[in-house]
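The values are calculated or read from the model by the stated rules, or taken from the named source; none is laboratory data. Source: prediction; values computed, not measured. Using ideal geometry, Cβ is built from the backbone for each residue, glycine included, and neighbour counts are taken over all protein chains shown. Note: accessible area is taken over every heavy atom of the protein model, side chains too, but ligands, DNA and RNA are not part of it. Shrake-Rupley method; radii C 1.70, N 1.55, O 1.52, S 1.80 Å.
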Amino acid sequence: MAEQTMAKGYEPKEVEERWITYWREQNTFTADPQAPGAAYSIVIPPPNVTGALHMGHALNITLQDILCRHARQKGRKVLWVPGTDHAGIATQNVVERALKAEGLAREDIGREAFIERVWAWREEYGGKILNQIRRLGASVDWSRERFTMDEGLSRAVREVFVSLHEQGLIYKGDYIINWCPRCHTALADLEVEHAAKRGALYRIKYPLAGGGHVVVATTRPETMLGDTAVAVHPEDERYAGLVGREVELPLTGRRIPVIADPYVDKDFGTGCLKVTPAHDINDFEMGRRHDLPLIKVMDGSGVMNENAPAAYQGLTREACREKIVEDLRGQGLLLDVSEHEHNVGECYRCKTVIEPTVSPQWFVRAAPLAAEARRAVADGRTEILPGHWTKTYFDWLDNIRDWCISRQIWWGHRIPAWTCEGCGQVVVSREDPTACPYCRSTKLARDPDVLDTWFSSALWPFSTLGWPDDTPDLRAFYPTSALVTGFDILFFWVARMMMMGLHFMKQTPFRQVYIHALVRDHEGKKMSKSTGNVIDPLVMIDRYGTDALRFTLTAFAAMGRDIKLSEDRIEGYRHFVNKLWNAARFALMHLPETIPDACCSGPRDVPHAWILSRLEEVKTAVDEAIAGYRFNEAAQELYTFLWREFCDWYLEMIKPDLTGEDKGRKETAQKTLWTVLTEYLVLLHPVAPFVTQEIWSQLPGIKEQNLAKMPYPAKRNDRHSLRAQARAELIQDLVTAVRNFRAELSIPPGLKLTALVKTASDEDRNTLLGSGELICFLARLTSIDAGPDVTAPKASASAALGGNALFVPLSGAVDFAAELERLNKELAKLAKEADIIGRKLANEDFVARAPGDVVAKEREKARALGEKIAKVEELRGRILDIMGE
């Protein structure tokens with residue numbers, strides 16, 4: 001037997017650290033663009049450099065790793081690119097908080113010193129999430145790790161910006177944007193999170209010049225100071241005579257016109273709408289249609305500026321609102337205030353209420369780019385899975401607005417644009433200019449803004465491969481094969497990568513996009529720190545091992561269905577890992593140093609023929625499931641085969657051969673055991689890389705020690721046999737039936753029984769008689785007889801085995817009278833319990849007044865008791881049948 005012995009229990013921590021180091025030292029996952037085989041590439045969705053691993057990351061990394069490890073097994077040259085995103089606003093906020101603790105603001109130390117502080121922070125803390133990804137066993141190519149601010153990606157970003165500007169697809173202009181008064185930066189529409197808030201609706205009288213008034217309603221009275229019109233619907237007969245007249249704007253001394261515009265909903269509220277073009281996105285568009293002036297009444301911090309009346313200047317927007325309401329009430333112009341729930345836009349980073357405002361910003365002209373990104377999915381160049389996300393993708397692209405890409409922060413890719421102080425021209429250049437190309441002035445002021453983080457992320461699939469240079473990696477691995485991501489960044493990232501990839505590479509950036517579901521708690525609720533239901537993946541890894549976590553996530557990763565996760569489920573799959581470990585320990589105890597070259601072909605080889613046939617089916621099923629992103633199906637196949645078939649049946653069936661004296665049978669069992677175990681380890685490896693590699697390294701007969709380099713097991717079509725499976729299943733059904741008789745009738749395990757089978761075919765008779773020794777061992781029988789002429793003796797238990805009938809004589813094995821008395825007593829006891837619960841549930845007062853969970857608990861008790869009574873009655877009936885009563 002093999003000299004090496006495995007530890008009694010699997011200890012994941014030491015094993016995982018050892019193999020992570022081994023794979024890296026061996027350059028196991030370093031891709032060679034010149035290697036043979038078709039390319040398979042994935043770029044990791046770059047986590048924020050500020051981030052920490054959460055369960056969504058764990059799912060995302062696990063699924064990508066399964067795809068990459070499986071692709072390597074299938075002979076493809078695989079590149080999985082890791083990296084992090086510089087996360088402009090998020091990272092700047094982190095460093096600003098550190099400065100604040102020192103009593104400083106970024107303005108106190110200046111831009112260059114602040115950027116140095118951010119880089120220093122990144123050097124110290126930026127690798128944290130990548131180290132956490134390593135712990136998950138991610139088979140990424142660490143030699144190609146990228147960062148969205150590294151030198152190569154910075155060059156790509158600049159090339160894209162300048163090229164788009166030259167093509168008229170990037171422009172600068174005054175536009176209404178979402179502004180965060182806390183972060184002091186513009187936000188793209190997608191960076192604004194909308195939350196339902198309970199606020200107030202103020203109805204205000206606007207006096208008409210010449211007498212009378214109109215009533216407008218607003219949730220933000222402070223913005224009325226910037227109103228430049230009141231709008232009504234052109235078909236609203238109530239106000240037909242007012243269009244063209246003026247109203248006195250309260251508190252300002254200004255007059256503003258009444259205009260007609262179809263945007264107004266005449267059936268909502270009073271049908272009169274205050275128009276504030278500088279502080280509302282829809283009003284801005286209306287203002288452009290009617291050539292209304294823009295009056296900004298707030299500065300970048302949300303404080304009322306010099307354009308507001310003197311009484312309100314210097315007030316925060318919240319304080320201004322209070323004072324305006326007080327002043328309107330004092331002048332009799334506040335009609336009423338009512339509670340009102342509405343959606344409020346908040347900064348996705350700091351949760352401050354955003355302020356729509358007009359300012360000069362840089363934009364990408366999105367519509368021309370979006371058209372090709374839409375076509376590429378419509379014509380099948382890129383497939384989005386599950387398919388229902390395709391409609392969502394189309395809807396967004398069909399209604400796309402120009403993309404605001406400038407951010408008023410310091411950390412990020414600085415916009416390569418300079419304004420000449422001599423002639424006022426804007427210079428956009430690939431290299432820093434030394435003089436204005438229009439007037440030769442050397443006084444050039446660089447734009448202080450940086451690019452939206454998503455701008456550099458949109459280039460990730462090709463910039464990480466060396467673009468704008470024509471590199472071997474770019475030629476070999478672009479387009480990438482698949483993108484695995486969450487639905488929340490379908491627009492932020494996926495659609496923008498499609499637009500940029502198609503425009504600059506003339507090919508889609510990926511052939512398939514797999515949108516995985518959310519990981520929720522066991523009740524289906526979203527995980528959040530505030531509700532205290534977050535499951536930390538790193539804590540789960542420490543408790544149960546990485547493989548248990550990975551297998552759990554895979555087992556529940558059904559396409560399009562959210563994962564309901566609990567710690568109990570992860571613990572449950574730790575038992576699966578232990579099951580594999582113990583099975584491998586058993587195998588190692590019985591395998592020789594040199595694996596025999598034996599073959600199963602005799603009548604006693606039913607277990608071997610069966611397990612080898614099932615192995616062929618599992619190979620096909622797992623291969624197809626992973627290729628089709630049906631990860632849960634792959635996990636289920638692997639779980640069922642190991643636990644229910646290999647461990648529960650096969651290992652039990654071959655014990656007599658492994659411990660017996662028949663050399664031929666022993667070697668056949670050893671060869672089959674080794675074959676099935678080694679090939680199963682290869683199949684399971686993409687899902688559970690650590691335990692499989694550890695077991696692999698200890699098995700005899702292994703030529704390649706690195707399991708990650710092993711090919712997918714070849715098909716052996718000659719071993720697939722439905723006949724062999726049917727023969728084994730007949731034996732298993734017989735053994736299960738006998739074991740059930742023992743359990744139901746409390747027959748001692750040591751008491752040997754006999755079995756008789758009335759067979760329906762010669763095939764079944766030959767199977768049972770040819771495997772009689774095995775059946776007697778498994779079912780603890782003294783003998784078995786089978787044939788078409790078998791008859792049932794008196795006092796025997798019976799069961800159907802397909803078209804066959806099993807009889808087990810019980811005379812002398814069971815005291816039927818005593819067993820019947822025991823069952824009668826149990827039935828009486830159960831009936832009494834059921835009666836008590838039934839009367840309680842029939843009591844209308846109890847059902848009406850008791851807490852819902854208490855009533856539900858009683859109903860569940862009643863259901864369970866009903867099932868138990870039915871089972872006992874069924875068993876009692878069977879005993880009466882056996883006794884002939």
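Enumerate the residues in the stretch 102-142 having an amide nitrogen under 19 Å from the point lying 7 Å beyond the Cα of Arg18 toward its Cβ.
Counting only backbone N, you get 135-138.
To check you understand DSSP bridge types, tell me what percent of the beta bridges within the stretch 400-523 (both residues inside) are antiparallel, rounded to 5.
Details: 9 of 15 bridges.
The answer is about 60 percent antiparallel.
Counting each DSSP H run of 4 or more residues in the chain as -39500 (n - 2.57), what helix-only mean residue ellipticity at 222 nm follows after dividing by all residues, to the nearest 500 deg cm²/dmol?
Details: 29 runs with 382 residues, N = 885.
My calculation for the chain gives -13500 deg cm²/dmol from helical runs alone.
With each label point set 7 Å from Cα along the Cα-Cβ vector, what nm distance links Asn533 and Asp733?
That separation, rounded to one decimal, is 4.4 nm.
Can you find, among Asn582, Thr554, Pro592, the residue farthest towards the positive end of the dipole of the stretch 549-597? Put +1 on the C-beta of Lys and Arg, -1 on that of Asp and Glu.
Looking along the dipole axis, the top candidate is Thr554.
For the chain, with the dipole built from +1 on Lys and Arg beta-carbon atoms and -1 on Asp and Glu ones, taken about the Cα centre, which of Gly812, Ala482, Gln725 lies farthest toward the positive end?
Of the candidates, Gly812 comes out farthest on the positive side.
Let me make sure I get this right: for the stretch 751-885, a, b and c are the square roots of the gyration tensor eigenvalues over alpha carbons, sorted descending. Under 1.5 in a/c it's rounded, otherwise prolate if a/b > b/c, else oblate. Which is it? Each step should come with its number before you reach the end.
Values: a/c = 3.61, a/b = 2.53, b/c = 1.43.
Note, shape of the stretch 751-885 comes out prolate.
Relative contact order of the stretch 599-674, please, whole-number percent, based on alpha carbon pairs below 8 angstrom and at least 6 residues apart.
Values: 42 pairs, mean separation 25.5, N = 76.
For the stretch 599-674, the relative contact order is 34 percent.
With +1 on each Lys and Arg Cβ and -1 on each Asp and Glu Cβ, how big is the dipole of the stretch 564-694 about its Cα centre, in debye rounded to the nearest 20? Before the final figure, lay out the partial values.
Working: 15 positive and 21 negative charges, 38 e Å.
So the dipole magnitude of the stretch 564-694 works out to roughly 180 debye.
Percent antiparallel among DSSP beta bridges with both residues in the chain, to the nearest 5? Each step should come with its number before you reach the end.
Details: 64 of 94 bridges.
If we restrict to bridges inside the chain, about 70 percent are antiparallel.
Taking the Cα atoms only, what angle lies between the long axis of helix 567-590 and the longest principal axis of the chain, rounded to 10 degrees?
40 degrees
With the dipole of the chain worked out from charges on the C-beta (+1 for Lys and Arg, -1 for Asp and Glu) around the Cα centre, which of Ala435, Tyr263, Gln425 lies farthest toward the positive end?
Comparing the listed Cα positions along the dipole, Ala435 ranks first.
DSSP beta bridges in the stretch 163-296, what fraction antiparallel, as a percent rounded to 5?
Values: 17 of 20 bridges.
Given both bridge residues lie in the stretch 163-296, the antiparallel proportion sits at roughly 85 percent.
Between Ala310 and Ala209, take the C-beta separation as r, use R0 = 22 Å, and let me know the FRET efficiency to the nearest 0.05. It would help to have the intermediate numbers written out before the result.
Details: r = 23 Å, r/R0 = 1.05.
Given R0 = 22 Å and the Cβ-Cβ separation, E is 0.40.
If every alpha-carbon in the stretch 441-507 counts as one equal scatterer, what log10 I(q)/I(0) does Debye give at q = 0.15 1/Å?
Computed log10 I(q)/I(0) values: -0.57.
Between the helical axis of 281-290 and the dominant principal axis of the chain, each derived from Cα atoms, what acute angle in degrees is found, rounded to the nearest 10?
Approximately 40 degrees, to the nearest ten.
Over the stretch 191-328, average the accessible area per residue using a 1.4 Å probe and give it in Å², no decimals. Don't skip to the end; give the middle numbers.
Values: 6280 Å² over 138 residues.
Solvent-accessible surface per residue comes out at 45 Å².
Per residue, what accessible area does the stretch 502-657 have, given a 1.4 Å probe and all protein chains present, in Å²? Walk me through the numbers before you get to the answer.
Working: 6310 Å² over 156 residues.
Heavy-atom SASA per residue in the stretch 502-657 reads 40 Å².
Determine the relative contact order of the chain: mean sequence separation of Cα pairs under 8 Å and six or more apart, normalised by residue count, in whole percent. Intermediate results must be reported in sequence, preceding the final value.
Details: 1474 pairs, mean separation 112.0, N = 885.
After rounding, I find 13 percent.
Quick one, which of (i) 30.3, 100; (ii) 33.1, 101; (iii) 36.8, 116 is the actual Rg and Dmax of the Cα atoms in Å calculated for this model?
Structure-derived value, by its label: (iii).
Just the accessible area per residue of the stretch 1-100, please: how many Å² with a 1.4 Å probe?
Numbers: 3930 Å² over 100 residues.
Heavy-atom SASA per residue in the stretch 1-100 reads 39 Å².
Taking 7 Å along the Cα-to-C-beta vector as the label spot, tell me the Phe394-Tyr263 distance in nanometres, rounded to one decimal.
Distance between label points: 2.9 nm.
Can you give me the % of accessible surface on the chain that is carbon or sulfur? Probe 1.4 Å, all protein chains present, nothing else counted. Spell out each step's value before the answer.
Values: 19390 of 39270 Å².
Roughly 49 percent, rounded to a whole number.
Tell me the label-point distance for the pair Ala817, Ala743, using the 7 Å Cα-to-Cβ offset, in nm and rounded to one decimal.
3.0 nm
Can you give the alpha-carbon Rg of the stretch 509-649 over 2.2 N^0.38 Å, where N counts its residues? The partial results should precede the final answer.
Details: Rg = 19.0 Å, N = 141, 2.2 N^0.38 = 14.4 Å.
That ratio works out to 1.32.
What is the dipole size for the stretch 510-639, taken about its Cα centre, with +1 at each Lys and Arg Cβ and -1 at each Asp and Glu Cβ, in debye to the nearest 20? Before the final figure, lay out each step's value.
Working: 17 positive and 18 negative charges, 95 e Å.
My answer is approximately 460 debye.
If you wrap a convex hull around the Cα atoms of the stretch 432-546, how much volume per residue is inside, in Å³? Working shown, then result.
Numbers: hull volume 24.8 nm³, N = 115.
Considering the Cα atoms of the stretch 432-546, their hull volume per residue is 216 Å³.
Using the Cα centre as the reference, give the magnitude of the dipole from point charges on the C-beta atoms of the chain (Lys, Arg: +1; Asp, Glu: -1; all else neutral), rounded to the nearest 20 debye.
Working: 111 positive and 122 negative charges, 123 e Å.
Taking the Cα centre of the chain as origin, the dipole is about 600 debye.
What shape does the stretch 131-249 take by its C-alpha gyration tensor, where a ≥ b ≥ c are the square roots of the eigenvalues and a/c under 1.5 counts as rounded, a/b above b/c as prolate, and the rest as oblate?
It comes out prolate by the Cα gyration axes.
Rounded to two decimals, what is Rg over Rh for the stretch 282-358 when you use alpha-carbon atoms and the Kirkwood radius?
1.00
If you keep only loop residues by DSSP, which trypsin sites (Lys or Arg not before Pro) in the stretch 790-885 have at most 11 other Cβ atoms within 10 Å of their Cβ?
Details: sites: Lys794, Arg822, Lys825, Lys829, Lys832, Arg839, Lys840, Arg849, Lys857, Arg859, Lys861, Arg863, Lys868, Lys871, Arg876, Arg878; in loops: Lys794.
Hits after loop and neighbour filter: Lys794.
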